[in-house]
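Peer 1: Okay, here's the structure, questions in a sec.
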Amino acid sequence: QQQVRQSPQSLTVWEGETAILNCSYEDSTFNYFPWYQQFPGEGPALLISIRSVSDKKEDGRFTIFFNKREKKLSLHITDSQPGDSATYFCAAEPGTGGYKVVFGSGTRLLVSP
Amino acid sequence: EAAVTQSPRNKVTVTGGNVTLSCRQTNSHNYMYWYRQDTGHGLRLIHYSYGAGNLQIGDVPDGYKATRTTQEDFFLLLELASPSQTSLYFCASSDAGGRQDTQYFGPGTRLLVL
């Protein structure tokens, strides 16, 4: 049973468009949500993260929108560039109990020039 | 920036074979992790450690052993490899292993079990 779900599995956008990647979770104790970016042949790397006390986090062209009531969040990539083509993982960390980060299954993004 | 290296980068073995995957981090991080990445499942935690000699069980530990010999080195052992263990394996490290911590990943080891 996946505690963190991502959609779509894959997404293609044109250069300059806004890509929207979705994530939802089940465990209400999750209170920290990092997004990792992974290029082919490399390990994931932290891209941007948000705490559950916030509803929005922006870093350049990357913005996380967070809806705690619905247990949903989304990553918006504005002015998408071919160099943004990668797999994006949404992850969640509980606020209590033992340390364990739960990763979603990822969204593969392709930005076409 | 944290540096995590893994070896080998690719490995082919046969069913029942013995495999050791190595990971080294050079940023004096306390926590180290082993994940496997499979299509449709994302990253799943196998084992992790918060220091030399320590081992904690992750979410998918069956068929895997791990050992943390030093603060820098973390090994994943498959003593009787099975085709179901064909996967992409990542090692990661983090400073405190606590709340809201960044994990730094290695480049991965691709394992094929025939």
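Peer 1: Give the relative contact order (percent, whole number) for chain A; include only Cα pairs under 8 Å separated by 6+ residues.
Peer 2: Taking the mean separation of contacting Cα pairs over the length of chain A, I get 37 percent.
Peer 1: To the nearest 20 Debye, how big is the dipole of chain A about its Cα centre, given +1 on the beta carbon of each Lys and Arg and -1 on that of each Asp and Glu?
Peer 2: Here the size comes out at about 400 debye.
Peer 1: Something else about it: Buried accessible area for the A:B pair, summed, 1.4 Å probe, in Å² rounded to 100? Mind showing how you got there, number by number?
Peer 2: Details: alone 6390 and 6060 Å², together 10600 Å².
In total, chains A and B hide about 1900 Å² from solvent.
Peer 1: Then there is this: Compute the distance from the alpha-carbon center of segment A:29-89 to that of segment A:4-28, in whole Å.
Peer 2: With segment A:29-89 and segment A:4-28 each reduced to a Cα centre, they are spaced 9 Å.
Peer 1: Tabulate in residue order the Karplus-calculated ³J(HN,Hα) for segment B:53-58, using 6.51 cos²θ - 1.76 cosθ + 1.60 with θ = phi - 60°, rounded to whole Hz; enter x for Gly and Pro.
Peer 2: Per-residue couplings from phi come out as x, 9, 9, 10, 7, x Hz.
Peer 1: Provide the FRET efficiency to the nearest 0.05 for the A:Ser7-B:Ala3 pair, computing r from the beta carbons and using R0 = 45 Å. Please report the intermediate quantities before stating the final value.
Peer 2: Numbers: r = 34 Å, r/R0 = 0.75.
Computed FRET efficiency for A:Ser7 and B:Ala3 comes out at 0.85.
Peer 1: Going by a 1.4 Å probe on protein heavy atoms, which residues of segment B:28-57 end up with at least 30 Å² less accessible surface in the whole assembly than in their chain alone?
Peer 2: B:Gln37, B:Gly40, B:Gly42, B:Leu43, B:Tyr48
Peer 1: What is the percent carbon and sulfur in the accessible area of segment B:14-65, measuring with a 1.4 Å probe over the protein chains and ignoring ligands?
Peer 2: Accessible surface attributable to carbon and sulfur in segment B:14-65 totals 45 percent.
Peer 1: With charges only on Cβ, +1 for K and R and -1 for D and E, what is the dipole size of the protein assembly as shown about its Cα centre, in debye, rounded to 20?
Peer 2: 340
Peer 1: Per residue, what accessible area does the protein assembly as shown have, given a 1.4 Å probe and all protein chains present, in Å²?
Peer 2: 47
Peer 1: What size of dipole, in debye to the nearest 20, comes out for chain B about its Cα centre when the only charges are +1 on Lys and Arg C-beta atoms and -1 on Asp and Glu C-beta atoms?
Peer 2: 220
Peer 1: If you take the beta carbon distance between B:Ala52 and B:Asn10 as r and set R0 to 25 Å, what does 1/(1 + (r/R0)^6) give as a FRET efficiency, to the nearest 0.05? Each step should come with its number before you reach the end.
Peer 2: Numbers: r = 28 Å, r/R0 = 1.12.
Calculated transfer efficiency: 0.35.
Peer 1: Which is farthest toward the positive dipole end of chain B among B:Asn18, B:Phe75, B:Val60, measuring Cα position about the Cα centre, with Cβ charges +1 (Lys, Arg) and -1 (Asp, Glu)?
Peer 2: B:Asn18
Peer 1: Contact order normalised by length for chain B, with contacts defined as Cα pairs under 8 Å and 6 or more residues apart; what percent is it?
Peer 2: 36
Peer 1: I would also like to ask the following. From the residues A:Phe39, A:Leu73, A:Phe89, which one has its Cα farthest along the dipole of segment A:4-112 in the positive direction, the dipole being from +1 and -1 charges on Cβ of Lys/Arg and Asp/Glu about the Cα centre?
Peer 2: Of the listed residues, the answer is A:Leu73.
Peer 1: Same structure, new question: Straight-line reach from A:Lys100: which aspartates and glutamates fall under 20 Å, measuring Cα to Cα and dropping same-chain residues less than 8 apart?
Peer 2: Partners within reach: A:Glu26, A:Asp27, B:Asp38, B:Asp59, B:Asp62, B:Asp95, B:Asp101.
Peer 1: Among A:Phe62, A:Ile50, A:Gln9, flag the residue with its Cα farthest along the positive direction of the charge dipole of chain A, charges on Cβ as +1 for Lys/Arg and -1 for Asp/Glu.
Peer 2: Among A:Phe62, A:Ile50, A:Gln9, the one farthest towards the positive end of the dipole of chain A is A:Ile50.
The values are calculated or read from the model by the stated rules, or taken from the named source; none is laboratory data. Fair warning: this is a prediction, and the values are worked out from it, not measured in the lab. All Cβ positions, even for glycine, are placed from backbone atoms using ideal geometry, and neighbour counts span all protein chains on display. Each accessible area value is taken on the protein alone, full model and side chains, heavy atoms only, with ligands, DNA and RNA left out. Shrake-Rupley method; radii C 1.70, N 1.55, O 1.52, S 1.80 Å.
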